[in-house]
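The values are calculated or read from the model by the stated rules, or taken from the named source; none is laboratory data. The structure presented is a predicted model; accordingly, all values stated were derived computationally and were not measured. FYI the Cβ positions are ideal-geometry reconstructions off the backbone, even for glycines, and counts take in every protein chain you see. Heads up: the accessible areas ignore ligands, DNA and RNA and are worked out on the full protein's heavy atoms, side chains in. Shrake-Rupley method; radii C 1.70, N 1.55, O 1.52, S 1.80 Å.
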Amino acid sequence: MKNIAILASGNGSNAQAIIEYFKNSSAIKVAIVVTNNPEAGVIKIAHQHKIISAIVSKNFWGNEESMNKLLNSLNIDLVVLAGFLQLVPAFVIQKFPKRIINIHPALLPKHGGKGMYGKKVHEAVLAAKEAETGITIHFVNEKYDEGEVILQKKVPVDAADTAGGISEKVQQLEHEWLPKTIEQLLK
Ligand code: GRF
């Protein structure tokens, strides 16, 4: 059995898609959901699916010994950042070479980097009059949104699109492709 740790700070719709996709899998299991935000919707989702969730403070998250204890105790094979808004410490990256992935709601290297999340990304896409946008799933390194790209999928941007409309189209792609990509990586 391969174990996934999902790290998320927000609504958790991607976490939910992953959890549901692997619900009946005998090969891959979501072992824990980790969040830095006590209000994160993802905690409820984990609870509903009887998955352990941990709310970690910045101190804990930045402390090598505590994080190692947590991740080692669950035999984590892959760390998935699904809307996790903190930089991953170098020791976590070194511990999981090519075993931490992130999803970004645009076609990197465009519209990424520190502070580019949520609606801001889609507003930047509109302001740049892009003909298309999409999703990027990539390995995580020490810089925001700069690790090696694993997969990109595109959607057209229509003249009448709003940031909210783009967000919906992009999230559909995310929910479809993030679980499949995890499955591929863990094969
Ligand atoms: C997603 O759009 C993802 O691309 C980005 O953060 C968002 C998280 O959404 N990194 P949700 O919490 O999974 O609904």
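Hey, can you find the accessible area per residue of the chain for me, probe 1.4 Å, expressed in square angstrom?
Per-residue value: 51 Å².
Could you work out the helix-only [θ] at 222 nm for the chain, with each DSSP H run of four or more residues adding -39,500 (n - 2.57) and the total divided by the number of residues, to the nearest 500 deg cm²/dmol?
Calculated from helices alone, the mean residue ellipticity at 222 nm is -11000 deg cm²/dmol.
Could you please state, rounded to a whole Å, how far the C-alpha centre of region 65-125 is from the C-alpha centre of region 157-180?
Between the Cα centre of region 65-125 and that of region 157-180, the gap is 20 Å.
At a probe size of 1.4 Å, how large is the accessible area of W177, to the nearest 10 Å²?
60
With respect to the cross-link table entries K58/K169; K69/K120; K119/K180; K129/K187, which display a Cα-Cα separation exceeding 27 Å? Don't skip to the answer; put the middle values down first.
Details: K58/K169 32 Å; K69/K120 36 Å; K119/K180 25 Å; K129/K187 39 Å.
Long pairs (Cα-Cα over 27 Å): K58/K169; K69/K120; K129/K187.
Order H175, H47, H104, most accessible first, counting only protein heavy atoms with a 1.4 angstrom probe.
The ranking, largest first, comes out as H47, H175, H104.
Place +1 on the Cβ of every Lys and Arg and -1 on the Cβ of every Asp and Glu in the chain, take the dipole about the Cα centre, and give the residue among G165, H122, A54 whose Cα lies farthest towards its positive end.
Value: A54.
Please state the charge dipole magnitude for the chain, taken about the Cα centre, from unit charges on C-beta atoms (+1 on K and R, -1 on D and E), reported in debye and rounded to the nearest 20.
Around 420 debye, computed over the chain.
Share of region 2-186's accessible area from carbon and sulfur, percent, 1.4 Å?
50
Less than 11 Å Cβ to Cβ from I19, Lys/Arg counted +1 and Asp/Glu -1: what total charge do the surrounding residues give?
It works out to a net charge of +2.
Give me the percent relative contact order of region 19-101, please, defined on Cα pairs under 8 angstrom at least 6 residues apart.
22
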